[in-house]
Structure formats: structure tokens, C-alpha cells
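Visitor: Quick one: the structure is below, and I'll ask about it shortly.
The values are calculated or read from the model by the stated rules, or taken from the named source; none is laboratory data. A quick note: this is a predicted structure, and the numbers were derived from the prediction, not measured. No Cβ is skipped: glycine too gets one built from the backbone with ideal geometry, and neighbour counts run over all protein chains shown. Heavy atoms of the whole protein, side chains included, go into the accessibility calculation; ligands, DNA and RNA do not. Shrake-Rupley method; radii C 1.70, N 1.55, O 1.52, S 1.80 Å.
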Amino acid sequence: MKKSKAIIILLCALLVLLGVGYVDLYGVDAEGTASASDISLGLDLAGGVSITYQVVGDEEPDATDMADTIAKLQKRVENYSKEAIVYQEGTDRINIEIPGVTDANKILEELGRPGSLYFIAETDKDGNTNYSMQAVTDAQGNVSYAYALNKTIDELKADGSIMLEGTDVKTATAGSIKDQTMGNSTYAVDLVMTEEGTKKFEEATRNAYEKGETLGIYYDGSFVSVPSVKGVFSDGNAQISPMNSYEEAESLASTIRIGGLKLELEELHSKVVGAQLGVEAISTSLKAAVIGFIVVAVFMIAVYFLPGFASVIALGIYVALVVLLLNGFDITLTLSGIAGIILSIGMAVDANVIVFARIREELATGKTVKSAMQIGYDKALSAIIDGNVTTLIAAAVLWLLGPGTVKGFAQTLALGIVLSMFTALVVTKYIMKAFYALGLKDTKWYGIGKEHKPINFLGKKGIFFGLSLAVILVGFITMGVYKVNSGDALNYSLEFKGGTATTVTFNESYTLDEINSQMVPLIESTTGSAVQIQTVQGSNEVIFKTNSLDVDQRQALNQVFVDNFGVDESLITSETISSTISNEMKSDTILAVAVAIICMLIYIRFRFSDIRFGVSSIACLLHDVLVVITFYALARVSVSNTFIACLLTIVGYSINATIVIFDRVRENMAVMTKKDDLQDVVNHSITQTLSRSLFTSLTTLVMVGALYIWGVTSIRDFALPLMVGIICGAYSSVCVAGALWYVLRKKFAPKAK
């Protein structure tokens, strides 16, 4: 590489770093607004719209119907944000919270009134028209034409013109079909009826087909589709086509799904709620990020010299690109998402550490710097790809199968993996080549590896296995004791078990900081529960969410507000709320993790040609998860919505660390001679990768430790068990994984070829 080219590369890297960073912070879009402000933020950081629906009717709704309605509404509102949540309030109310939006009327208009969908015959039994095309004049005087009812819904029900209701539709999905006439693809909505709906639909389509009429689909005051009927459908399947676009088809399918809820809902009230954590949470997290980044940068330069400096530049580009692409991919950013990004900064150095260790090994054999760099990258490539692809598989499966909150985490995880591989394998590599071309060719700038005497890890495998089993056993015993004594094995927060929402109207407006400093300590001491806060925009109303409170606790809490803040007790209301993490979300998460583990196992089997590597990797992964759950049980750390993110992070982190060691075992086995002992090969491989295992864990711990020291309370509840998981992940990879594979290899030896 010529010096001029090297200078251009370094200048480009600097310009990209400064340019992307500038766009992240100050860049403007076409409307002149800051690009960073366009990133979608979650309820905890930016607030959003809160809508409360009430079930129509005097009778108390069935619990099963309520659960089904909540599950379907959850799927619907995830179209607005993956972080939207739906939960039950009282016995007949459903609350929806959608982050990042402030126009409640627009949301209500689009959602309509759930459970109010009807299939209406064009004419009644006497031949009278039920609906017809009518002129509609808007506020500006513009005239358009649309279908409108000639009768009321009650009249239509009375004369039998309502052929089906929304509950008769089992599923409605958007898709594409081949146009037989034109030969091109068009879009459609596929309908599948329930068993009862199939009979009704056959009658409805026969009635319309014989008369040559349409069948109107009416939802919440207007027609959403008036398709022609081209035959009698007796099998319960139908298709509405053609649609102008997939978006139009998906919108109609989504409307039919929400209109087909078992319960009909009407809006009780809506409001714009403020951020639960606010500016302080963001500023403290950013402070932790800056401090952690500086510490990691100093560490990388101090340990790896010039390559470390190159990696710091690449790491800066990585961080800037992550922030920029969060906006580009419209990923909703929550506080746990910020924590995940900060965590990924520590993990992003992993590929660099693997490469740098390889380069030093080659320099120790007498290779030139140029040759060592090339060979180092070549040898490190398989470990980097295998480690990151397994984690990427997990992210992909979680995104496809996981619930909304997990999808957001999976997107952030996948983005971090792809960018970290790019910056390590491309950006860092070319920056190092540029430094070399500028004359920095002396090995003193790169460091020379030292051959370390293999540590006999396998000789202590009995101790390691016993220690791991003992810790996990303590966890199960602890959870069992708590389950018997308190009914809950873990310290579940209100996201998992529901609680009480206390709405207070104060005499004056309080800021989030004032509420946190003046009110929260009093509430916690009175109720013995952690508190979530929501302010209501344009009012003095504040919502306090706690664990479930009995009558005495509610009265005591009311008295706190009356005595300390002069609140009129008649302006305090309390409602029991369900968990925001539903049973369906839990089952979806468990299914997604199970499928991810199976897919990773298949990939490892394919790449390593030895199922024992895969089994050992998954066993260590489960080991780390169980140890972290044990910590949750012993320390009584609150199990909130960050619990899922914490375990998923550990899954990705653990599998990556183990794969790096197994990759070196595979490499050393390929060159081992008959006189080499397999135990020595494994010990040698673990020792060779020990610096990577320790240094990556250390840099990640630095980032998470900064979060724990400077972060807000909810972030500390995320960071503390995550630190335990990182330490445990390093321990299991170094001390357990190789030993377990060795035992399996000896017990189930491969057949001689």
C-alpha cells in the first residue's frame, strides 16, 4: 500500500467518524429537524399515548375472552411500535400504551372500536337496499363518494341482513397472488372462517352470488371493503382481491382481525403520558457510555499498542454507525436498548482481540509484520464468523418468533453483530495497513506473543463440574423455599404479576425529578414495593404503578398523599392492573429461545462435524442462564421486563465465547499427531485463547460496570445480573466447555474410519 493511499484511508476513517457523529448529533433532515431526535423512543424514555377501553355491555366479561382480546390487541398495536403494551385494568377495562406517538385521536381513529365488524348483505329479504354509494362533503367542500348505510345496525340485525360478525372470522392475512389474465402478481387478503362462521359464510355468499350483489364489510361506522361475490364458498376460505399494494392488504387484514375480537370495546378515556424515566436516565446512561468507552480505549491501546489504537478508531465508527442506523431502521429505543448498545461496545472489541492475539502469535514465530497481519486475519476469520453467526441465528429467530419487546432487542442485537464484524474485519484491518504503509513497521508497535505453558484445566474438571452443579442446586432450593413461603420463586415485578395503578391529581404540577426525590421514597416505604411513574401531559395527574396493594395498603398510600402533598382524597383512584408481560408473551419467548438453541446446535454440528461441540456449547449456555437465575433468586433482584433482555444477552455472549475456544480445539486437532494426548490439546487450546476470554470479559464488564455505577435504579437491576452472567460466561467457556466436550468425546468416541 502506498503512503498516499494510506493517508487517504486514515483521513476517510477520520471523516467518517466525525461526519457520522455530526449527523447523529446535529444532522438535519429535509424538514430541518435533528436526525438524532427522529429515533423512536420507548415509553420509559419519551412517553406516548395511553388509551383505556371498556367492554360494552352490563355483564362482567369472561376471563378467557379478556385474555384473547388482549392478545389480539397486542398484535395489532405492535404495528405502531414493537414496544407497545396491552394489559387489563380492573375487571372490564383494557389499557393500551403506545410509545413515541402523541396524537391520541389519530390512534383512536385508526384503531376504531374493536369488536364491531359486520358482513352485511346488499339487500334485505324484501329487496330493500341496505347500503348504497353516497356523496360525502369534507370540511373544505370537496365531494367524494363512498358506501354508506341506509339503516342502523340494530335495524340490520333485526331484519337478518347482518350475515356474519367479526367473531366468525378465524384469521385474516395479507398475501400476494398470481393474476391469471395479466400474468403479474397482485395483492389480496385471505380469510379463514370459524366452524360456525363457515356455515354463515356459505349462506351469505350464496345469497349474494345468486342475486349478483356485493357483501359489505362494515367496521366502526364505515365500510372498509365492499367486494363482489364470484361464487359460493362452502369450505370457510375466501379471498378479497385485488389490492393496490401489500400495505393496503395488510391494513384491511389487520382491521378485520381487530374488528373480530370476541369483546366489543368502547373508548373510556385517552391521554398522553410522559416518560417514566426521562432525561436523567438518558444522561446518566450516556455518561456511563463515555466513561466506559474511554476506559476500554485506554485498555486496548495499553495492551495492544498500535493495533489497539486502530481498533479504538474503528470502535468510534462502530458506535456512530449504530446510532445512525437505529434511526434508519426505525428501531424503538428503550432504556434497556441503550444498555444493550453500551454492552455491545464492550463486546465489539472481541473480534479485534481474537485477531490481535493471532497476529502476535505469528510475530513470535518470526514472521514479518505484514505477513503476520495477513495470516492473523485469515486464521481468526473462522472463529469470528462462527461465534457471531451463532449469535446472529439467535437474533434472527428471536426477531421472527419472539413477542414485540423481544423483537426490538433482537433487532438491536443483530445490528450490533453485523456492524462489529464489519468494523473489525474491514475498518480496523485497513487502518492497520495504512499505519504500516506510513512506516510503522517495527514489531515494537504490535507486540510479540509469548508461548505460555498450558494450564491443566481438565485436571480440575471434577471441581469445576461440582462447583457448577452446587450453585445451580442452591438456586433451585432457594426458589423452592421462596415458592413455598411467599408463593413466588423469584422477586417478580408488576410487569410479570400485575399490581395496582394509583392515579393522583395534585394541586400543582411536579416534575419527574421532584416526584422521584420527594414521593417515591415515601411510596416505597409505605407499600414495600418498587414504583413506576407516569405523568399525564397537560394536567397535574400522575399515575403510580406498584405491586398489588390490599385495602389497608391503599388507604395508607392515600394518606401519604393527603398528609404530605395536600391532595384531596376524592381525587385519588386505584385500579388493579394485570401483568404487561402476558402468558402468550412468555410462551412466545420460551419458544423463540428453544428454536434458537436448536438452530445454533444444527449450525455448530454442520460447521464442526462433531455434535459433541454443539451439545457442550448448549450445555454451557444453559449453565450460564441457570446460574444467573440463581443470582436473581438469592439477591432478590427484581424480575422485570429487563429480565428477558438480560437472559437473551447472556445467551448470545455465552455461545460466542465458547465457540472461540472450540474453534481453536478444532484447529489444533487437525495438526495433532498420534503421540499427542487429546487432553493436552484441549488444555493447550484453552490456554491459547485465555487472553481473548479474559480481555473480552474485562472490556464488557467495564461497560456494564459503568452502567451499574452511574445508571438509574432500573438500569442497575439490569446491569448487576448481567455482570454475573459475563463472569459466569467466561468461567463456563474456560473451565466447563472444553472439559465437558472432552468427557463426551471419551464416553462417546467417534467410530474409527
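Per-residue answers, yes or no, for (1) touching a residue at least 60 places away in the same chain (Cβ under 8 Å); (2) of a type in the set (A, V, I, L, M, F, W, C); (3) over 30 Å from residue 361 (Cα atoms):
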| position | (1), (2), (3) |
| --- | --- |
| 420 | yes, no, no |
| 425 | yes, yes, no |
| 437 | yes, yes, no |
| 502 | yes, no, yes |
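Visitor: Another one. Tally time: how many residues in segment 226-268 are assigned to a strand (DSSP E or B) and under 20 Å from residue 108 (Cβ atoms)?
Guide: Keep residues of segment 226-268 that are assigned to a strand (DSSP E or B), which gives 228, 237-243, 265-268.
Applying the additional criterion that residues be under 20 Å from residue 108 (Cβ atoms) yields 265-268.
Residues that pass the stated criteria total 4.
Visitor: Go through segment 562-584 and count every residue that is within 25 Å of residue 92 (Cβ to Cβ) and either assigned to a loop (DSSP other than H, G, I, E, B) or touching a helix residue (DSSP H, G or I) at 6+ places or on another chain (Cβ under 6 Å) (or both). Even if it seems obvious, please write down each step before you answer.
Guide: If we filter segment 562-584 for residues that are within 25 Å of residue 92 (Cβ to Cβ), which is where we start, we get 569-584.
Filter once more, so that each one left must be either assigned to a loop (DSSP other than H, G, I, E, B) or touching a helix residue (DSSP H, G or I) at 6+ places or on another chain (Cβ under 6 Å) (or both): 569, 572, 574, 578-582, 584.
Total satisfying the criteria: 9.
Visitor: Here's something else I'd like to know. Please verify whether segment 458-480 includes one or more residues that are open to solvent by 50 Å² or more (accessible area, probe 1.4 Å) and touching a strand residue (DSSP E or B) at 6+ places or on another chain (Cβ under 8 Å).
Guide: No: zero hits.
Visitor: What are the residues in segment 192-211 that are loosely packed, with under 15 Cβ neighbours inside 10 Å and farther than 24 Å from residue 115 by Cβ, if any?
Guide: Residues satisfying the conditions are 210, 211.
Visitor: Quick one: how many residues across segment 426-441 are under 21 Å from residue 689 (Cα atoms) and open to solvent by less than 40 Å² (accessible area, probe 1.4 Å)? Spell out the reasoning first.
Guide: Step one: list which residues in segment 426-441 are under 21 Å from residue 689 (Cα atoms), which gives 428-429.
Restricting the remaining residues to those that are open to solvent by less than 40 Å² (accessible area, probe 1.4 Å) gives 428.
Summing the residues that are under 21 Å from residue 689 (Cα atoms) and open to solvent by less than 40 Å² (accessible area, probe 1.4 Å) in segment 426-441 gives 1.
Visitor: Look at segment 548-563 and say how many of its residues are in contact with a strand residue (DSSP E or B) (Cβ under 9 Å, 6 or more places away or on another chain) and modelled with pLDDT of 90 or more.
Guide: Of the residues in that region, 6 qualify.
Visitor: Another question about this same structure. State which residue is modelled with the highest pLDDT when the search covers only segment 393-425 and only residues that are of a type in the set (Ser, Thr, Tyr) and open to solvent by less than 40 Å² (accessible area, probe 1.4 Å). Spell out the reasoning first.
Guide: Keep residues of segment 393-425 that are of a type in the set (Ser, Thr, Tyr), which gives 405, 412, 420, 423.
Still in the running and open to solvent by less than 40 Å² (accessible area, probe 1.4 Å): 412, 420, 423.
Values: 412: 77, 420: 84, 423: 88.
That would be 423.
Visitor: Name the residue that is farthest from residue 295 (Cα to Cα), counting only residues in segment 671-699 that are at pLDDT below 85 and of a type outside the set (D, E, K, R).
Guide: That would be 673.
Visitor: Please name all residue pairs, on different chains or six or more residues apart, with Cβ atoms under 7 Å, provided the first residue is in segment 675-688 and is more than 23 Å from residue 449 (Cα to Cα) and the second residue is open to solvent by less than 20 Å² (accessible area, probe 1.4 Å).
Guide: 679/458
Visitor: Okay, next question. Is at least one residue of segment 530-549 in contact (Cβ under 8 Å) with a residue 24 or more places away in the chain and among the acidic types (Asp, Glu)?
Guide: First, pick out the residues of segment 530-549 that are in contact (Cβ under 8 Å) with a residue 24 or more places away in the chain: 530, 532-549.
Still in the list and also among the acidic types (Asp, Glu): 541.
Among the residues of segment 530-549, at least one is in contact (Cβ under 8 Å) with a residue 24 or more places away in the chain and among the acidic types (Asp, Glu), which makes the answer yes.
Visitor: Here's a follow-up. Does residue 363 meet the test of being in a helix (DSSP H, G or I), touching a Leu at 6+ places or on another chain (Cβ under 6 Å) and either open to solvent by 10 Å² or more (accessible area, probe 1.4 Å) or modelled with pLDDT of 85 or more (or both)? Explain how you work it out, then say what you get.
Guide: Working: in a helix (DSSP H, G or I): yes; touching a Leu at 6+ places or on another chain (Cβ under 6 Å): no; either open to solvent by 10 Å² or more (accessible area, probe 1.4 Å) or modelled with pLDDT of 85 or more (or both): yes.
No; evaluated as a whole, the condition is false for this residue.
Visitor: Right, next: Can you tell which of 375, 448, 385 is of a type outside the set (D, E, K, R) and outside any helix (DSSP H, G or I)?
Guide: On the way: 375 fails: outside any helix (DSSP H, G or I); 385 fails: outside any helix (DSSP H, G or I).
Testing whether each residue is of a type outside the set (D, E, K, R) and outside any helix (DSSP H, G or I) leaves just 448.
Visitor: So is residue 515 within 28 Å of the chain's Cα centre (by Cα) and under 24 Å from residue 270 (Cα atoms) or not? Reasoning before the result, please.
Guide: Details: within 28 Å of the chain's Cα centre (by Cα): no; under 24 Å from residue 270 (Cα atoms): yes.
Spelling it out, it is not the case that residue 515 is within 28 Å of the chain's Cα centre (by Cα) and under 24 Å from residue 270 (Cα atoms).
Visitor: Scanning segment 585-614 for residues that are polar (S, T, N, Q) and assigned to a helix (DSSP H, G or I), which turns out least open to solvent (accessible area, probe 1.4 Å)? Write out each step before concluding.
Guide: To start, the set of residues in segment 585-614 that are polar (S, T, N, Q) comprises 587, 589, 609.
Subsequent filtering for residues that are assigned to a helix (DSSP H, G or I) retains 587, 589.
Numbers: 587: 61, 589: 14 Å².
Per the criteria, the residue is 589.
Visitor: If you take the residues in segment 553-584 that are of a type in the set (A, V, I, L, M) and open to solvent by less than 30 Å² (accessible area, probe 1.4 Å), which one is nearest to residue 77 (Cα to Cα)?
Guide: Going through segment 553-584, the residues of a type in the set (A, V, I, L, M) turn out to be 556-557, 560, 562, 567, 571-572, 577, 581.
Going one step further and asking which of them are open to solvent by less than 30 Å² (accessible area, probe 1.4 Å), we end up with 557, 560, 567, 572, 577, 581.
Values: 557: 33, 560: 36, 567: 35, 572: 29, 577: 19, 581: 15 Å.
My answer is 581.
Visitor: Among (1) open to solvent by 60 Å² or more (accessible area, probe 1.4 Å); (2) modelled with pLDDT of 90 or more, there is one condition residue 444 misses while meeting the rest; what is its number?
Guide: Among (1) open to solvent by 60 Å² or more (accessible area, probe 1.4 Å); (2) modelled with pLDDT of 90 or more, residue 444 violates only (2).
Visitor: What is the one condition in (1) modelled with pLDDT under 85; (2) in a loop (DSSP other than H, G, I, E, B) that residue 73 does not satisfy?
Guide: The one condition residue 73 does not meet is (2).
Visitor: Please go through segment 290-305 and pick out each residue that is open to solvent by 20 Å² or more (accessible area, probe 1.4 Å) and touching a helix residue (DSSP H, G or I) at 6+ places or on another chain (Cβ under 8 Å).
Guide: Passing the criteria: 291, 293, 295, 299, 301, 302, 303, 305.
Visitor: Same structure, new question: Taking residue 509 and the conditions (1) polar (S, T, N, Q); (2) closer than 28 Å to residue 718 by Cα; (3) open to solvent by 70 Å² or more (accessible area, probe 1.4 Å), which numbered condition does it fall short on, given that it satisfies the others?
Guide: Residue 509 satisfies every listed condition except (2).
Visitor: Right, next: Which residue, of 371, 344, is modelled with pLDDT under 70 and over 14 Å from the mean Cα position of the chain (by Cα)? Working first, answer last.
Guide: Numbers: 371 fails: modelled with pLDDT under 70.
344 is the lone residue from the list that is modelled with pLDDT under 70 and over 14 Å from the mean Cα position of the chain (by Cα).
Visitor: Does residue 357 fit the bill of being of a type in the set (A, V, I, L, M) and at pLDDT 75 or above? Before the answer, list the steps.
Guide: Values: of a type in the set (A, V, I, L, M): yes; at pLDDT 75 or above: yes.
Considered against the rule, which asks whether it is of a type in the set (A, V, I, L, M) and at pLDDT 75 or above, residue 357 comes out as yes.
Visitor: Right, here's the next one. Of all residues in segment 44-65, which are open to solvent by 10 Å² or more (accessible area, probe 1.4 Å) and at pLDDT 85 or above? Spell out how you get there, then give the answer.
Guide: Going through segment 44-65, the residues open to solvent by 10 Å² or more (accessible area, probe 1.4 Å) turn out to be 44-46, 54-65.
Matches in segment 44-65: 54, 55, 61.
Visitor: Taking residue 199 and the conditions (1) among the charged types (D, E, K, R); (2) modelled with pLDDT under 90; (3) assigned to a helix (DSSP H, G or I), which numbered condition does it fall short on, given that it satisfies the others?
Guide: So residue 199 meets the others, but not (2).
Visitor: Would you check if there is a residue in segment 617-624 being more than 21 Å from the chain's Cα centre (by Cα) and more than 18 Å from residue 665 (Cβ to Cβ)? Don't jump to the end; show me each part of the working.
Guide: Taking segment 617-624 as the starting set, the residues that turn out to be more than 21 Å from the chain's Cα centre (by Cα) are 617-620, 623.
This time we only want the ones that are more than 18 Å from residue 665 (Cβ to Cβ), so: 623.
Yes: one or more hits.
Visitor: Can you name the condition, by its number, that residue 214 falls short on among (1) over 24 Å from residue 110 (Cα atoms); (2) open to solvent by 50 Å² or more (accessible area, probe 1.4 Å); (3) modelled with pLDDT of 90 or more?
Guide: Tallying (1) over 24 Å from residue 110 (Cα atoms); (2) open to solvent by 50 Å² or more (accessible area, probe 1.4 Å); (3) modelled with pLDDT of 90 or more, residue 214 fails exactly one: (2).
Visitor: Do any residues in segment 650-661 that are at positive phi and without any contact (Cβ under 8 Å) to a residue 40 or more places away in the chain have Cβ atoms under 8 Å from those of residues that are outside any helix (DSSP H, G or I) and open to solvent by 10 Å² or more (accessible area, probe 1.4 Å), where the two are at least six apart or on different chains, and which pairs are they?
Guide: Matching pairs, first to second residue: none at all.
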